[in-house]
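Only one structure is covered here, and it is reproduced in the block below.
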Amino acid sequence: METITDHTTITTGPANTNDREVVIEIKELHKSFGDHEVLTGITMDLYKGENLVVLGRSGQGKSVLIKCIAGLLDYHEGILKVYGSEIKELKEEELRKARMKLGFLFQSGALYDSMTVRENLEFPLTRVLGLTDKNEIDERINEMLDSVGLLDAIDKMPSDLSGGMRKRIGLARTLILKPEIMLYDEPTTGLDPITSKEISELMVQLQKKYKISSVIITHDMDCAKITADRILVMNNGKYIAGGTYEILEQSSNALVNSFFK
Amino acid sequence: MPAKFISFLKDQGEKVGDQVHFLGSFFRNTFKKGFEWNELIRECYLIGYKSLPLVAITGFILGFVFTLQSEPTLKAFGAENYLPAMVSVSLIREIAPVIVALICAGKIASSIGAELGSMKVTEQIDAMEVSGSNPIQYLVVTRILACTFMIPLLTIIADALGLLGGFTGINISNKVSAVLYFNKAIAALDFTDFIPAFIKTFFFGFAIGFVGCYKGYNSGRGTASVGMAANSAVVNASLWVIVLDAVAVQLTSVLAYH
């Protein structure tokens, strides 16, 4: 059921997701850096094919959460399963295989700055998928750059690209492996409103095209409105409210309400 | 005070553990399928070829200055005939390998530390990891191996140019033919001068590559940590070169002369 609760962890998703497959399951997740506990017992599920937006102020552990999902950070307590596999228990090779189902768009795009755009996209194809056929590689690169509208930038270096272009290329490099789950770390931060809207619309368009489930970390409400099937609001390392954009917009909770003003 | 000391020991123990783990990752990934040959060749070019002018000039000047400085002393004893032999033995056994390694610790370890550190800060290494690629195999194995193979080659070049520098130095005040000079320089050398000195340069190269990669790969997240990674890479790599040299000299004297 769609619910809004004040300072209560949400454990249920929207009504239409109850019968859908859970792709990411998180229960009572805790993560600390030294004495500072960043995640204080998060519980959430991501359903197949949905766009889940995680809202929250800076420093509330949103980025830490998706880095735990990607296996880039260890967590101390709790359950974190991707397609039923507990991330913490996976061995190096198993984690590598699990990561092939995940895509991660970093805040900066994280393009390899010593490589051209073509080489950035070629890198995962040859290293992860082991492709060797030059024609197939070129075909895939061209298709993906066409999807993000940057076919002309194929031979440019990352330093020659604008912030928005870098995000698009980062998205293309991630999607070229056809991940089943996308993790977006503040995809529109640092972009002007027009480019932010373009990126948000591109995310929805590509989600539909490639049937991807996504976790989107943001505090950009325009991005949340365009992309979210469901929103979870996070504070002090746990979720305080959840529901669709329209439902949360009516929330009486002061913190939730402050995002929608 | 004891609590502080215990905490210090614990920190140092953790650091050593991290380095051993990193070393293990290097060896595991060196023999894994999908070796990055193209990247190894590129790194050999960047580390070897691009350091060539610096090493060549340094080698030549070392031989030249060493000759000019030693000549008056030898002359005082009427032993200037031994100058080519002294230059060649000193250069090849000790001076050229250590100076080349220290120069490369400054140039290469800092560059690797800064490069990998900045890749860490800009999340490029995380991006490789999360895509299922193998950043250790691509970034670390290639750089360490390139250093291990290129430092010995650079040392041989520095040896040769050092001898040439010595020849130039001698001919400033005397007239010695090239044939005579090089005959005397080479005749003074035997395998126990050349082989141990050559072998130790592989260890110098490995230490430079390993320290640079370890410091860069494990740098912090802020921009300041890039500078710190580069700086500590130079300091630690230089220290390792000196320590390894001391061990190598001791081992050589035990194995070769007893």
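The values are calculated or read from the model by the stated rules, or taken from the named source; none is laboratory data. Remember, predicted model here, so these are calculated numbers, not experimental data. So basically every Cβ, Gly included, is an ideal-geometry build from the backbone, and we count neighbours across all protein chains shown. Heads up: the accessible areas ignore ligands, DNA and RNA and are worked out on the full protein's heavy atoms, side chains in. Shrake-Rupley method; radii C 1.70, N 1.55, O 1.52, S 1.80 Å.
Counting only whole DSSP H helices of chain A, there are none at least 30 Å long by C-alpha along their axis and with mean Kyte-Doolittle hydropathy no lower than -1.0.
Mean-square fluctuations from a GNM of chain B, with a 10 angstrom spring cutoff on Cα atoms, peak among B:G117, B:G209, B:G220 at B:G220. Around A:K211, what is the net charge, scoring Lys/Arg as +1 and Asp/Glu as -1 over all other residues with Cβ under 15 Å from its Cβ? Local net charge: +2.
Between B:K15 and B:S177, take the C-beta separation as r, use R0 = 41 Å, and let me know the FRET efficiency to the nearest 0.05.
0.15
With the charge dipole of the stretch B:34-147 set up from +1 on Lys and Arg Cβ and -1 on Asp and Glu Cβ about the Cα centre, the Cα lying farthest toward the positive end among the listed residues B:V141, B:I99, B:S110 is that of B:I99. Taking the stretch A:105-124 and a reference point 7 angstrom along Cα→Cβ of B:W37, the backbone N atoms nearer than 20 Å belong to A:123-124. Computed from the C-alpha gyration tensor, the three semi-axes of the ellipsoid equivalent to the stretch B:24-76 are 43, 15, 6 Å, from longest to shortest.
Relative to the present Cα-Cα distance, how much length would full extension add between A:L151 and A:E119 at 0.36 nm per residue of separation?
Values: separation 32, 0.36 × 32 = 11.52 nm, distance 1.35 nm.
Extending this stretch completely gives an extra 10.2 nm.
When each of the peptides B:70-76, B:3-9 is scored by the mean number of other C-beta atoms lying within 10 Å of its residues, the order from highest to lowest reads B:70-76, B:3-9.
Mean per-residue shielding of peptide B:117-130 is 6, counting Cβ atoms of other chains within 10 Å of each Cβ. When shorter helices are ignored and each DSSP H run of at least 4 residues is given -39500 (n - 2.57), the per-residue value for chain A at 222 nm works out to -10500 deg cm²/dmol. Within chain A, antiparallel bridges make up roughly 50 percent of the DSSP beta bridges whose residues both belong there.
For the stretch B:35-257, a crude dipole built from +1 on the beta carbon of Lys and Arg and -1 on the beta carbon of Asp and Glu, taken about the Cα centre, is about 320 debye to the nearest 20.
Peptides A:92-98, A:242-248, A:124-130 ranked from most to least packed by the mean count of surrounding Cβ atoms within 10 Å: A:242-248, A:124-130, A:92-98.
Would you work out the charge dipole size for the protein assembly as shown about its Cα centre, treating the Cβ of every Lys and Arg as +1 and the Cβ of every Asp and Glu as -1, and quote it to the nearest 20 debye?
Computed about the Cα centre, the dipole is about 860 debye.
Between the residues A:S159, A:S213, A:L175, the greatest Cα displacement towards the positive end of the dipole of the stretch A:142-261, with unit charges on the Cβ of Lys, Arg, Asp and Glu, is found for A:S213.
Note on A:97-106: average number of Cβ atoms from other chains within 10 Å of each residue's Cβ is 3. In the full protein context, the protein assembly as shown carries 46 Å² of accessible surface per residue, based on a 1.4 Å probe and ignoring ligands, DNA and RNA. Taken as entire DSSP H runs, the helices of chain B that both span 30 Å or more between Cα atoms along their own long axis and average 0.0 or more on the Kyte-Doolittle scale are B:52-76, B:142-173, B:191-217, B:224-257.
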